[in-house]
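The values are calculated or read from the model by the stated rules, or taken from the named source; none is laboratory data. Since we're looking at a predicted model, the values are computed, not measured. Virtual Cβ from ideal backbone geometry, glycine too; neighbours counted across all protein chains shown.
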Amino acid sequence: MRTEYIHACPMWRNKGPHNDCIFVGTDPEANGMRAYSVVRILAFFSFNYKGVTYPCAAVRWFDTIGNEPDDDMGMWMVRPAHSANNSPFFDVIHLDTIYRTAHLIPIYGTRFISPNIKSSNLYDAFCAFYVNKYTDHHAFETAT
């Protein structure tokens, strides 16, 4: 058993918000990346309903780009999901659906990167990301 810390902090070390990305189990019949979706954790909270406490997280979903990993990089690509009216797709999930943390690498393109991009605004500054399966052997199994 191993422990991972998942951050959803409005202020991390006085440098801005820190909101981690995670894998959420969405298809128990599938294998590898097809069994999971990537979300960005915005906040953790719980509520009580009829005497039962429900631990939850507010998240922003990512859509998978294509049906296979990128040919050149060998990694899956994702982009922030949007609703039909083009607004960001936010949701609330139960904590039991969280599988593990996910590490995303921005797809930079060919232009220079602004020096104003920091870890706190990275997910808003880029349109697409690689799902890094080389972080560790657990990520390799998950994102293959």
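Structure notes:
- In this structure, D70 qualifies as farther than 23 Å from N121 by Cβ, of a type in the set (D, E) and either in contact with a Phe, Trp or Tyr (Cβ under 7 Å, 6 or more places away or on another chain) or surrounded by 12 or more Cβ atoms within 10 Å (Cβ to Cβ) (or both).
- Restricting the range 76-107 to residues that are of a type in the set (A, V, I, L, M) and in contact with a Leu (Cβ under 9 Å, 6 or more places away or on another chain), the residue that is nearest to I65 (Cα to Cα): V78
- Summed over the range 87-144, residues that are more than 21 Å from L42 (Cα to Cα) and either surrounded by fewer than 13 Cβ atoms within 10 Å (Cβ to Cβ) or not β-branched (V, I, T) (or both) total 18.
Residues are listed down the side, and each one gets a yes or a no for (1) touching a strand residue (DSSP E or B) at 6+ places or on another chain (Cβ under 8 Å); (2) among the acidic types (D, E); (3) under 14 Å from D20 (Cβ atoms):
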site: Y49; (1), (2), (3): no, no, no
site: T97; (1), (2), (3): yes, no, no
site: T110; (1), (2), (3): no, no, no
site: I113; (1), (2), (3): no, no, no
site: E141; (1), (2), (3): no, yes, no
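- Among the candidates E68, E4, the residue that is within 23 Å of A139 (Cα to Cα) and modelled with pLDDT of 95 or more is uniquely E68.
- Check on A43, crowded, with 16+ Cβ neighbours inside 10 Å, farther than 24 Å from F140 by Cβ, in contact with a strand residue (DSSP E or B) (Cβ under 7 Å, 6 or more places away or on another chain) and free of Cβ contacts under 8 Å to residues at least 40 places away in the same chain: no
- From R60, R40, R34, R79, residue being touching an Asp or Glu at 6+ places or on another chain (Cβ under 6 Å), at pLDDT 95 or above and of a type in the set (K, R): R79
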